[in-house]
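Each remark here refers to the structure printed beneath this line.
Each reported figure results from applying straightforward, stated rules to the coordinates on display, with no laboratory input. Values in this document were obtained by computation on a predicted structure and should not be read as measured data. Don't worry about glycine lacking a Cβ; one is built from the backbone with ideal geometry, like all the others, and counts go over all protein chains shown.
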Amino acid sequence: MPGGLGALLILAPLVALLTRVDWAALPALLTSPASLAALGLSLRTSALATVACLIVGVPMALVLARSRVRLVAWLRPFVLLPLVLPPVVAGIALLYTFGRRGLLGGTFEALGLQIAFSTTAVVLAQTFVALPLLVLSLESALRTLGPGYEDVAATLGARPTLVLARVTIPTLLPAVVTGAVLAFARALGEFGATITFAGSLQGVTRTLPLEIYLQRETDPDAAVALSLLLVVVAVAVIGLATRRIFPA
Amino acid sequence: MKWWLLAVLLLAGCGGPAANTVTVFAASSLTSPFTQIADIYEQQHPGTTVAVTFGGSADLVAQLEQGAPASALATADEATMAKADWTSPQPFATNAMTIVIPEGNPGAVRGIADLSNPDLTVVICAPQVPCGAATAAIEQSAGIDIAADSEESAVADVLGKVSSGQADAGIVYQSDLGSAGVTGIAIPDSVNAINTYMIAARDTRGREFLDTVLSEQGQQVLADNGFGPP
């Protein structure tokens, strides 16, 4: 019975959203210039953020899972911090780091790079919040797999780089894909950090969640239509990710 | 099996306002004056409490449409009040716009024309919200195209970005001029846009609150907070 209630808690709002959709106007609402700009921007920035997460996250996960240095164990909670931090707090922290009067902001300004209010800021915010998801999923996969295969390869005479390229990464590939898909989904849904740090301008920083937030002020039908779009994308992403975790 | 269902239903029933509470929904730009007017009302009507919910005007109307309880509604412009569709709304204040700059004026802004400079970081309200509609009207009157770097959904966000030094300039309400960290640059009256704030009530207590807002005391509080007369 409690399980049924839990399912209801999740499904009921989705059903409510579906009943609220103006199906006749849906195509027009989804293809308006503002909607297309937001969708294009969301997909581009989330893809870039996922790539950034992979570039930084895979080495991080490897270090966290395999390192025997004590300091690394202490660093782990901080690496996972963005996962539990309220996104708007993450946005404020990023602002005071990369903003004009921030810690590193002055240096970037001197180099002629303005980060705040740019698409770069959006990618930065999304990477910040999505990175722990990738690192976490990868690290747990690494721990489960154990160093067995790598040790065998090493005893057979393979150099560490060869072990990494031919053993570690191929066995990790399913976990990397799952982690990347989760990171992409998180980046796509990012709102609090984006609106605080990057601002909101059509085509530059107004991602799909920000567009929904704005549209609900004057055009609830458009907001519902775009919400439905995000739900469909999210369901597709989750379906893709869990198919790899729980193959049929 | 049924006792917990009863408990859930009972808990759902709790949380409504007490009999002597007046619920008021007000635009967030009215935070300072309405808090003071609420105190005045409570002094004049001992035993009652005023619970004011501040938020974006459009947000509040959306909540009311979904059944949120309120005795009185105060919006930042006529258009939003029209959407709420309450009987006989009345104007109670006006609010003109102003340019704000952070301390030190890093963008060397002197007037409205400077805001069309694409090299400056300018933050304004999105046209979908009352302060943004006013900004768009100013753009049209002055014949300029503001090179905005961000269009916020709430005037408080514009103020925040200017006061923290993220933006070189922003356009907010004149009533926001008292905020820390910003100085104002006046917009000429000939091009300035003025929002008329509307208030409406739908029960006796709400009407009493409305009367307090329209009374001499209420109007003085609004004037002290930078609002213009209705």
Spin-label pair residue A:63/residue B:189, simplified geometry with 7 Å Cα→Cβ offset, distance in nm: 6.4
Residue of B:165, B:181, B:47 that the Gaussian network model of chain B assigns the largest fluctuation, springs spanning Cα pairs under 10 Å: B:47
Residue-span extension gain [residue B:177 to residue B:51] - 0.36 nm each, minus C-alpha spacing: 42.8 nm
Distance in nm between pseudo-label sites at residue B:116 and residue A:81 (7 Å out along the Cβ direction from Cα): 4.6
Value of D in µm² per second that Stokes-Einstein yields for segment A:1-137, Kirkwood Rh from Cα pairs, at 37 °C (0.692 mPa s): 178
Separation of the residue B:66 and residue B:147 label points, Cα + 7 Å toward Cβ, nm: 4.0
Choice from A:24, A:116, A:37 with maximal GNM fluctuation in chain A (Cα, 10 Å cutoff): A:24
Average other protein chain Cβ within 10 Å of Cβ, residues B:115-122: 1
Translational diffusion of the protein assembly as shown, µm² s⁻¹ [Kirkwood Rh, Cα pairs; Stokes-Einstein; 20 °C; 1.002 mPa s]: 84
Rounded Å value of the spacing that divides the Cα centres of segment A:10-29 and segment A:153-210: 31
Full-extension gain in nm, residue A:162 to residue A:31, via 0.36 nm per residue minus C-alpha separation: 42.3 nm
Angle between chain A longest axis and helix A:87-98 axis [Cα atoms, degrees, rounded to 10]: 70
Shielding by other protein chains, B:149-158, mean Cβ within 10 Å: 5
Average partner coverage of A:205-218, which counts Cβ from other chains inside 10 Å: 4
Highest average packing first - A:194-200, A:6-12, A:88-94, Cβ atoms within 10 Å: A:194-200, A:88-94, A:6-12
Full-stretch length increase - residue A:144, residue A:24 - with 0.36 nm per residue and alpha-carbon distance subtracted: 38.2 nm
Ellipticity estimate at 222 nm from DSSP helix runs (n ≥ 4, -39,500 (n - 2.57)) divided over chain B, nearest 500: -10500 deg cm²/dmol
